[in-house]
Amino acid sequence: MMRRALLGLVVGYSLLLAALWLGISRRVAVPPGTTVVPPPERAALIARLRALVDGTLPPDAATGGGEWNGFATVWCRGRALVRGEVKSRDGHTAVDGALAGSEALRALPPSDRAACRIKVDVLTGRAPIAAGIEPLFVLSLIAGVDGLGLQLPDREVLLLPDDLLAADLLAGHRPLPVPDLTLGLDARGAVRLLALRAGLDADAWRRTPHRLFRFRTESFIEPAAHDRPPLPVFRGNTPGPPLTRAALREAAVSGGAWLRDHQRQGGRFDYQYHTLADQPTTDENDYSLPRHAGAAYYLAQLHGATRDPGFREAARQALRHLAASRPAGCDRPDLACVGAPGSEQVDLGSSALALLAAAEYQHATGDSEFAPFARRLAAFLLAMQRPDGEFCHLYRPFEGLRDERSKLLYFSGEAAFALARLAHLTPEPRYIAAVDNALHYLTEKSNDTLAANFFYGEEHWTCIAVDEAWDLLPSDRRRERFADYCEGFGAFLRKSQFVAGEGPLQEQPDLLGSYGFSSLMPPHSAPVASRSEAMLSTLRLAERRGHAAEADALRAQVLGSLRFLLDHQVRDDNAWLMPDPGAARGGFLMSDVKRTIRIDLIQHACSALLRGEALAPPQTHGRPPPIH
Amino acid sequence: MSIRGALRLHGALDLGFAGLYAWVGFSVVRGRSMVFDIALGAVVALLAVAGLALLAGARIGRPLGIAASTLLLAFCLVVVALLVAGVAYLRGIYGPLGQGMAFGSVVAAALVIELFGLLPIFQLRLLLRRDVARHLAGG
């Protein structure tokens, strides 16, 4: 009796779980749709809309096929200047008169009007969301892909994906008190914007029955130069150029141009640039010297590849700024360290990457202006190294004291890489011994824990350092173990790389080639970029060691990432939400939904694009085959 | 193990888990809802009293233990159902969530069962035995 009751309970509970799963997941899913407006009709529609906007065609002349509702928006300097409803029925497409009769549009000079972009969003499906439960509400939209709708008794108000992107509402929730970790919808901001669009104040909002829902669109936009057919849009982005050597080089140069153009007098860069507001960050306290040094390194690297004197000069100015950034105690005859003037403590990373930039500058230009500075920086790095190979990460220059306990991300790998780069210019045994010792610590001693059997930390600088140091180190078993470690890191990363055919790509195909834990978060440029750099180095290691299968896997992994980076660089075509596309061109956004450019994103991404050039075919037709 | 020893072990486990729930719920991940705090306080109190009674071998220990275990088991089933509902919601929104998310969900469910489900299952199995009921009734 008892057993039967227990069995009934288990079966009943299992059925309840199954019913919950099926009922909820089906109810909130947007039904999969097919293409509503095929490419030829898109071109015809955009052409007619353009003629409407220019006033050369009456509103009812636009025609098209199929049966759909949507919106046409004219985006001018990052603003939705005018939006009109578009309805297609029985081969006839009716366009809201607002589009043709807009005063704002007519007030624009013809050249400005021509620079505006017409975008069409066709509504393809909708589904309810759980707006009453905040943790679910913030995750209720696929960021940048779904729109948010408000159903009122007498009408609907819609926020298109672009509206949510332009209002910077899609990376607005902070689930944990961790810097830079924002995930999901800014629920309050989104509701406020909906209420504003609906003309409801707080009282009216409470009194009026309402329901929120999400909806999906099929979107396309005219290219910036109006010279090609409309471009498909996904998550505020358009497809990048085909993956060719020329495209990679062009992208790398474009990123360097961003750094050069955003360099101020005195050598500093616009550390961050908010593309939606056309505003650089000017906060002095938020300026990262390691990232500044990384940018200087990349400019020198780019000069080496292009021989462009503009990049050389920009690198020189950035290095001069580093040489001048020396708090008391950091400018000794035997030793130099880099830090904000006046600060009581400096970090290892600033000096390590300054050394890297100085060594790269000398390597690329032959100019030894910074050679004495580099030698003193190297002396500082050596002084910060412990006997076990690890480095101390913080230093109090005025007192000459190392902080033996604090550990910060990246700095040890950066120091190893910088010393290895210098050792190529000045192969002094003490530099080589320091690199060897550091790599031994980073790849073996520091991983002598149970957890390290299952996980790798952020090891990108370490593997770049192993590659850089390879020819300097004795060819023994110890060196092989460094490379084994990096190949292991590569295999570990491949498990988190989104590849063709994976489930999450069904709804978000732009995840392809990026790295991530799940599809809840839109792909971010920084991890793709830095891991691409590290995997390019690991690929070189595998090739040197004759590990053909590993090299093939790494090549596919890197090509997938380079494809992703190429797609996600800011170009004129994908900059319609930005008031000044020229100021953003060449940059990399944190993600498609966090539309800020930061100098280190450009450094990592463009260094990878430049170094990966040889992997890409000289030219290609269409997109490359799926990776893996 | 003797019945007396088993009852003492469960009494100690009840006390230990009551302390764990109190520490986690009131200190580590403190809720903002007073209703939640009151409910948690009641569960902790019930479990602690049942634990003391079982340790002492008191007759009241059996009904208290059964009540506390039933409550915990119900809580466990509800939490697992909510977890399934939450992941189903995300599956509906995002489509296939990927292996990482699936693995994380299974780990979360396993953790819930381990923290809230195993103790009441074993305790109910013990307390619903006739010989245990007789033992406590005689004591």
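Computed from the coordinates by the stated procedures, all read-outs in this text should not be read as laboratory data. This one's a predicted model, so the numbers in the text were calculated from it and none came from an experiment. Note that each Cβ is placed from the backbone with ideal geometry, even for glycine, and that neighbours are counted across all protein chains shown.
Between A:Ser406 and A:Trp205, the modelled labels are 4.2 nm apart [label points 7 Å from Cα along Cα→Cβ]. By the Cβ rule of 4.7 Å, the protein assembly as shown holds the following cysteines without a possible disulfide partner: A:Cys392, A:Cys606, B:Cys76. Ranked by the mean number of other Cβ atoms within 10 Å of their residues, highest first, the peptides B:70-77, B:104-111 fall in the order B:70-77, B:104-111.
Overall, chain A carries a charge dipole of about 900 debye about its Cα centre when +1 sits on the Cβ of Lys and Arg and -1 on the Cβ of Asp and Glu, all other atoms neutral.
Let me know the shape class of the protein assembly as shown, please: from the alpha-carbon gyration tensor, a ≥ b ≥ c as square roots of the eigenvalues, rounded when a/c is under 1.5, otherwise prolate if a/b is greater than b/c, or oblate. Don't jump to the answer; show the numbers that get you there.
Values: a/c = 2.09, a/b = 1.14, b/c = 1.83.
Cα axes put the protein assembly as shown in the oblate bin.
Only sites in a loop by DSSP and with at most 11 other Cβ atoms within 10 Å count here; which trypsin sites (Lys or Arg not before Pro) in the range A:143-220 make the cut? Write down the numbers at each step before the final one.
Details: sites: A:Arg155, A:Arg188, A:Arg192, A:Arg197, A:Arg206, A:Arg207, A:Arg211, A:Arg214, A:Arg216; in loops: A:Arg155.
In loop regions of the range A:143-220 (DSSP not H, G, I, E or B), the sparsely surrounded trypsin sites (Lys or Arg not before Pro) are A:Arg155.
Once the C-beta distance of A:Glu458 and A:Ala548 is scaled by a Förster radius of 25 Å, the resulting FRET efficiency is 0.35 to the nearest 0.05.
Count Lys and Arg as plus one, Asp and Glu as minus one, and take only other residues whose Cβ is under 11 Å from that of A:Ala583; the net charge is then -3. The phi-based Karplus calculation (6.51 cos²θ - 1.76 cosθ + 1.60; θ = phi - 60°) puts the 3J(HN,Hα) values of the range A:29-35 at 7, 7, x, x, x, 9, 4 Hz, whole numbers, x for Gly and Pro. Computed extension length for A:Ala340-A:His424: 27.4 nm, one decimal, from 0.36 nm per residue of separation with the Cα-Cα distance subtracted.
Provide the net charge surrounding A:Arg402, with neighbours chosen by a C-beta distance below 12 Å and charges set as Lys +1, Arg +1, Asp -1, Glu -1. With Lys, Arg at +1 and Asp, Glu at -1, the neighbours total -2.
Once you have a ≥ b ≥ c as the square roots of the Cα gyration tensor eigenvalues for the range A:245-615, tell me rounded if a/c is under 1.5, and otherwise prolate or oblate according to whether a/b is larger than b/c. Walk me through the intermediate numbers first.
Working: a/c = 1.59, a/b = 1.12, b/c = 1.43.
Taking the square roots of the gyration eigenvalues as a ≥ b ≥ c, the range A:245-615 is oblate.
The antiparallel fraction among DSSP beta bridges confined to the range A:37-233 stands at about 100%.
Output the peptides A:87-93, A:244-250 sorted from most to least packed, where packing is the average of other Cβ atoms within 10 Å over each peptide's residues.
A:244-250, A:87-93
Footprinting exposure proxy ranking of A:Met2, A:Met578, fewest other C-beta atoms within 10 angstrom first, gives A:Met2, A:Met578. Amide H contacts of A:Ala224: A:Asp573, each under 5 Å away and 5 or more positions distant or on a separate chain (H built 1.01 Å from N in the peptide plane; Pro and chain starts excluded).
Report for chain A the percent antiparallel among DSSP-assigned beta bridges with both residues inside it, nearest 5. Mind showing how you got there, number by number?
Numbers: 62 of 63 bridges.
Beta bridges within chain A, antiparallel portion: roughly 100 percent.
Average partner chain C-beta neighbours within 10 Å, per residue of A:515-525? Can you show the working numbers first?
Numbers: counts 0, 2, 7, 12, 9, 7, 0, 0, 0, 0, 0.
Neighbouring Cβ atoms belonging to other protein chains average 3 per residue here.
Would you mind working out the magnitude of the charge dipole of the range A:37-233 relative to its Cα centre, with +1 at each Lys and Arg C-beta and -1 at each Asp and Glu C-beta, to the nearest 20 Debye? Spell out each step's value before the answer.
Working: 24 positive and 24 negative charges, 31 e Å.
Computed about the Cα centre, the dipole is about 140 debye.
Which FRET efficiency, nearest 0.05, do B:Arg59 and B:Phe122 yield, Cβ-Cβ r, R0 25 Å? With R0 = 25 Å, the Cβ-Cβ based efficiency is 0.75.
Before anything else, pin down the relative contact order of the range A:62-162: Cα pairs under 8 Å, at least 6 apart, normalised by residue count, whole percent.
Contact order relative to length: 22 percent.
Run the helix sum for chain B: -39,500 (n - 2.57) per DSSP H stretch of 4+ residues, divided by residue count, reported at 222 nm to the nearest 500 deg cm²/dmol. Rounded to the nearest 500, it is -27000 deg cm²/dmol. Each label was represented as a point 7 Å from its Cα along the Cα-to-Cβ direction; for B:Arg30 and A:Leu9 these points are 3.5 nm apart. Using a cutoff of 8 angstrom between alpha carbon atoms and counting only pairs six or more residues apart, the relative contact order for chain A works out to 14 percent.
Given only helices, namely DSSP H runs of n ≥ 4 each adding -39500 (n - 2.57), what is the per-residue ellipticity at 222 nm of chain A, to the nearest 500 deg cm²/dmol? Intermediate results must be reported in sequence, preceding the final value.
Numbers: 22 runs with 282 residues, N = 628.
Calculated mean residue ellipticity at 222 nm is -14000 deg cm²/dmol.
The distance linking the range A:208-241 with the range A:4-36 is 33 Å (Cα centroid to Cα centroid, whole angstrom).
Under 8 Å for C-alpha pairs, at least 6 residues apart: give me the relative contact order for the range A:144-295, rounded to a whole percent.
Numbers: 162 pairs, mean separation 28.6, N = 152.
About 19 percent, as a whole number.
By the rule of a C-alpha distance below 23 Å, with chain neighbours fewer than 8 residues away ignored, the lysines paired with A:Lys119 are A:Lys87, A:Lys594.
Given +1 on the Cβ of Lys and Arg, -1 on the Cβ of Asp and Glu, and no further charges, what dipole in debye does the range A:134-269 carry about its Cα centre, rounded to the nearest 20? Please report the intermediate quantities before stating the final value.
Numbers: 17 positive and 16 negative charges, 65 e Å.
I would put it at about 320 debye.
Within the same chain, lysines fewer than 8 places from A:Lys407 are excluded, and of the rest, those with a Cα less than 24 Å from its Cα are A:Lys445. Scanning residues 5 or more positions from A:Arg332 or on other chains, those with amide H under 5 Å from its amide H are A:Cys337, with H placed 1.01 Å from N in the peptide plane. Between A:Leu16 and A:Arg155, the modelled labels are 4.5 nm apart [label points 7 Å from Cα along Cα→Cβ]. Peptide B:47-58 shows a mean partner chain C-beta count of 0 within 10 Å per residue C-beta. Residue by residue along A:15-28, Cβ atoms of other protein chains within 10 Å of the local Cβ number 5 on average.
Tally Lys and Arg at +1 and Asp and Glu at -1 over the other residues with C-beta under 9 Å from the C-beta of A:Arg291: what net charge comes out?
Values: positive: A:Arg598; negative: A:Asp600.
So the surrounding residues net to 0.
Think of the range A:37-233 as having a plus end and a minus end, set by charges on the Cβ of Lys, Arg, Asp and Glu; of A:Val37, A:Leu212, A:His173, A:His173 sits farthest toward the positive end of this dipole.
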